[in-house]
């Protein structure tokens, strides 16, 4: 089946029995078009479902777009939706509108979405990158479209970045569990090819090595990308002859998977600390490495707006602090 094609102005003009120029003038409500002719053109447009391209019209008149694009991993994840909320609130103060799209961690889709947003003449692009390299965007940046990267720095491109202190936060989580007397500490991480996850692994390893503790090494599990897989992995850890007495999960989805694995675990489950706060974590008593996701979005939007407003200095990096919030799960003693 062929894809449906949008009706054209030529079709509207033909149906109304007028020239293309007259149809354009009528739909733009320009003077010197008879009222009955204008109405006939608008009726034809309604019948065909034709709509003017408002963006193109404004750009032809010399106006600039009010749109800013955000490309993220998955807006269904509370992390990304909170970041988007912070961006949108900041941009709204400057008369700018946010449009969003998801990559589902697909590098090729990311590139296609960037191209699509640039075709819409967005004023700036905010990207949570999935692709490994971004040097192909250098020409767009030089052409006046600023890029700001969130959560993960770009590779091959000088650009403003808003990041979380992933190394420091994970190191603090490891130190917290060590201070509680744990030695057999499991690490369950998301895709290790992603910079935030590499940094969280690095921070955790730093804490273990600084303490002289080698007992965590059999319990590291990388590339666990969703809730279902996290539940499976944690169940297998708990089934070991000598299971870990504590678990550190490197994002909110993996923490959710771990909690599901705990549901039918006999006795007291292992201690648990998760990176990223989430809804009901306080109610459930889950210790987390917290950071302000909305503030991360605001900072990224401020970097973008500064570029839109004319700042042309060197690329800047903003790093958001983290803190361990003890709520009970991370304070369970070793069994």
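The values are calculated or read from the model by the stated rules, or taken from the named source; none is laboratory data. Computed from a predicted structure; not experimentally measured. Please note: Cβ atoms are built from the backbone with ideal geometry, for glycine as well, and neighbour counts cover all protein chains shown.
Farther than 21 Å from residue 120 by Cβ, out of contact with any helix residue (DSSP H, G or I) (no Cβ under 7 Å at 6 or more places or on another chain) and modelled with pLDDT of 90 or more - does that describe any residue in the range 44-60?
No, there is no match, as no residue in the range 44-60 is farther than 21 Å from residue 120 by Cβ, out of contact with any helix residue (DSSP H, G or I) (no Cβ under 7 Å at 6 or more places or on another chain) and modelled with pLDDT of 90 or more.
Only one residue in 99, 71 is over 30 Å from residue 23 (Cβ atoms) and at pLDDT 85 or above, so which one is that?
71
What single numbered condition from (1) in a helix (DSSP H, G or I); (2) farther than 25 Å from residue 225 by Cα fails to hold for residue 98?
Result: residue 98 fails condition (1) only.
Going through the range 300-335 one residue at a time, which ones are in contact with a strand residue (DSSP E or B) (Cβ under 7 Å, 6 or more places away or on another chain), outside any loop (DSSP other than H, G, I, E, B) and surrounded by fewer than 21 Cβ atoms within 10 Å (Cβ to Cβ)?
If the condition is that a residue be in contact with a strand residue (DSSP E or B) (Cβ under 7 Å, 6 or more places away or on another chain), outside any loop (DSSP other than H, G, I, E, B) and surrounded by fewer than 21 Cβ atoms within 10 Å (Cβ to Cβ), then 308, 317, 318, 319, 320, 323, 324, 325, 331 are the ones that fit.
Restricted to the range 236-256, and to residues that are in contact (Cβ under 8 Å) with a residue 40 or more places away in the chain and assigned to a helix (DSSP H, G or I), which residue is surrounded by the fewest Cβ atoms within 10 Å (Cβ to Cβ)?
It comes out as 237.
I want to confirm something. Restricting to the range 2-24 and keeping residues that are in a helix (DSSP H, G or I) and under 42 Å from the mean Cα position of the chain (by Cα), which single residue is surrounded by the most Cβ atoms within 10 Å (Cβ to Cβ)?
Among them, the one singled out is 12.
Can you tell me how many residues within the range 204-224 are farther than 22 Å from residue 334 by Cα and in a helix (DSSP H, G or I)?
Looking only at that region, the number is 0.
Closer than 24 Å to residue 250 by Cα, surrounded by 17 or more Cβ atoms within 10 Å (Cβ to Cβ), in the same structural domain as residue 76 (by TED's automatic domain parsing) and under 18 Å from the mean Cα position of the chain (by Cα): does that describe residue 152?
yes
Looking for whichever is surrounded by 21 or more Cβ atoms within 10 Å (Cβ to Cβ) and within 26 Å of the chain's Cα centre (by Cα) here; the options are 223, 190. Which one fits?
Within the list 223, 190, the selection yields 190.
Looking only at the range 278-299, count every residue that is free of Cβ contacts under 8 Å to residues at least 40 places away in the same chain, within 21 Å of residue 152 (Cα to Cα) and in a helix (DSSP H, G or I) and tell me the total.
0
Can you name the condition, by its number, that residue 328 falls short on among (1) assigned by TED's automatic domain parsing to the domain that holds residue 100; (2) touching a residue at least 24 places away in the same chain (Cβ under 8 Å); (3) over 20 Å from the mean Cα position of the chain (by Cα)?
(1)
Could you give every pair whose Cβ atoms fall below 6 Å, whose first residue belongs to the range 12-40 and is in contact (Cβ under 8 Å) with a residue 60 or more places away in the chain, and whose second residue is surrounded by 11 or more Cβ atoms within 10 Å (Cβ to Cβ), counting only separations of at least 6 or pairs across chains?
Close Cβ pairs (under 6 Å, with a partner that is surrounded by 11 or more Cβ atoms within 10 Å (Cβ to Cβ)) do not exist here.
So, of the residues in the range 170-187 that are over 18 Å from residue 221 (Cα atoms) and in contact with a helix residue (DSSP H, G or I) (Cβ under 7 Å, 6 or more places away or on another chain), which turns out to be surrounded by the most Cβ atoms within 10 Å (Cβ to Cβ)?
So, considering only residues that are over 18 Å from residue 221 (Cα atoms) and in contact with a helix residue (DSSP H, G or I) (Cβ under 7 Å, 6 or more places away or on another chain), the one surrounded by the most Cβ atoms within 10 Å (Cβ to Cβ) is 176.
So which residues in the range 104-122 are part of a loop (DSSP other than H, G, I, E, B) and within 17 Å of residue 150 (Cα to Cα), if there are any at all?
Result: 104, 105, 106.
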